[in-house]
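Trainee: The structure is given below, and queries will be raised subsequently.
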Amino acid sequence: MSHTMKDAEILAHFDGRGTAEFSLSGLEAGQSDMITAIGFEFGYDLKQAEAVSRSTMRMIFVRTDSPTARQRAWQTHDRLRAGGPLLATWTVPGTAPGAVGSVTAVDMASKRRGLAAYEANGIRGFVVFIAVLSLGCFILAWVLRDSPNTPLAVMAAVLGIAVAVAAALTPRWMKQWYEKNRRLVDLYDRQRSGQVGPPPPPGPAGPHPGSGSGQ
């Protein structure tokens, strides 16, 4: 099957060499998160991802020799030898109190790439872009203020206000997104390394330990 062969081809790159490079084209580019997840399981971190052309993407991974990464690679090899899955699913706290959810290694790879991009580039460029767009809307509204296209001028002004509000709020939204996903990735990594166990399943509410009636 092509999917199995694809997995085998990916695994062949993460064979312990210092770097692993992928050139993805067409539908293969949609597998970038899966490749990143597999690399992470074998102790590799994504160093660079760039679009070489409109249809080709290049990804370069570097082997990490930290004790945590080496342990993760050994665990992955042991899991595969035992017939386990290539990429495992892990439990994380859910949104409701006491609830638990599940995330996949591919989910975490996508979040990890987003966090790395945020840490490397921030969102200043995006905020400047939408601020300029807002200014353009206000200029258009000013130019059209006395023309027969008054409704168009009003629409441009309203759009300019909306974009300006988005420019002002985007940094806060992105910071909240970053902090939420940073905590999720850190928890996943600690669970993956065995530093903490998965959260307990929700159960019936009961008295807290030591809260007996005899006081």
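Trainee: For ARG172, what is the net charge nearby, where nearby means another residue's Cβ is under 13 Å from its Cβ and Lys, Arg count +1, Asp, Glu -1?
Mentor: Counting the neighbours of ARG172, the net charge comes to +1.
Trainee: Relative to the Cα centre, what is the charge dipole magnitude of segment 5-78, using +1 at the beta carbon of each Lys and Arg, -1 at the beta carbon of each Asp and Glu, and rounding to the nearest 20 debye?
Mentor: The dipole magnitude comes to about 180 debye.
Trainee: Next question. Give me the net charge for the shell around PHE14: Cβ to Cβ below 9 angstrom, other residues only, Lys and Arg +1, Asp and Glu -1.
Mentor: My count for the surroundings of PHE14 gives 0.
Trainee: Taking the solvent-accessible surface of protein heavy atoms with a 1.4 Å probe, what is the per residue accessible area of segment 10-92 in Å²?
Mentor: I get 53 Å² per residue for segment 10-92.
Trainee: Additional query: Starting from 0.36 nm per residue, how many nanometres of slack lie between GLN71 and THR56 once their C-alpha separation is accounted for?
Mentor: 2.1 nm
Trainee: Keeping all protein chains in the complex and leaving out DNA, RNA and ligands, what accessible area do you get for ILE139 with a 1.4 Å probe, in Å² to the nearest 10?
Mentor: We get 90 Å² for ILE139.
Trainee: Let me ask something additional. With each label point set 7 Å from Cα along the Cα-Cβ vector, what nm distance links LEU152 and GLU21?
Mentor: Placing both labels 7 Å along Cα→Cβ, they lie 5.1 nm apart.
Trainee: If you count only protein heavy atoms and use a 1.4 Å probe, how large is the accessible surface of TRP177, to the nearest 10 Å²?
Mentor: It works out to around 90 Å².
Trainee: Expressed in nm to one decimal, what extension gain is obtained for the pair LYS47 and LYS6 from 0.36 nm per residue of sequence separation less their Cα-Cα distance?
Mentor: 12.6 nm
The values are calculated or read from the model by the stated rules, or taken from the named source; none is laboratory data. In this text the structure is predicted, and so the values were computed from the model without any measurement. No Cβ is skipped: glycine too gets one built from the backbone with ideal geometry, and neighbour counts run over all protein chains shown. When the accessible area is computed, the model is the full protein with side chains, heavy atoms only, and any ligands, DNA or RNA have been set aside. Shrake-Rupley method; radii C 1.70, N 1.55, O 1.52, S 1.80 Å.
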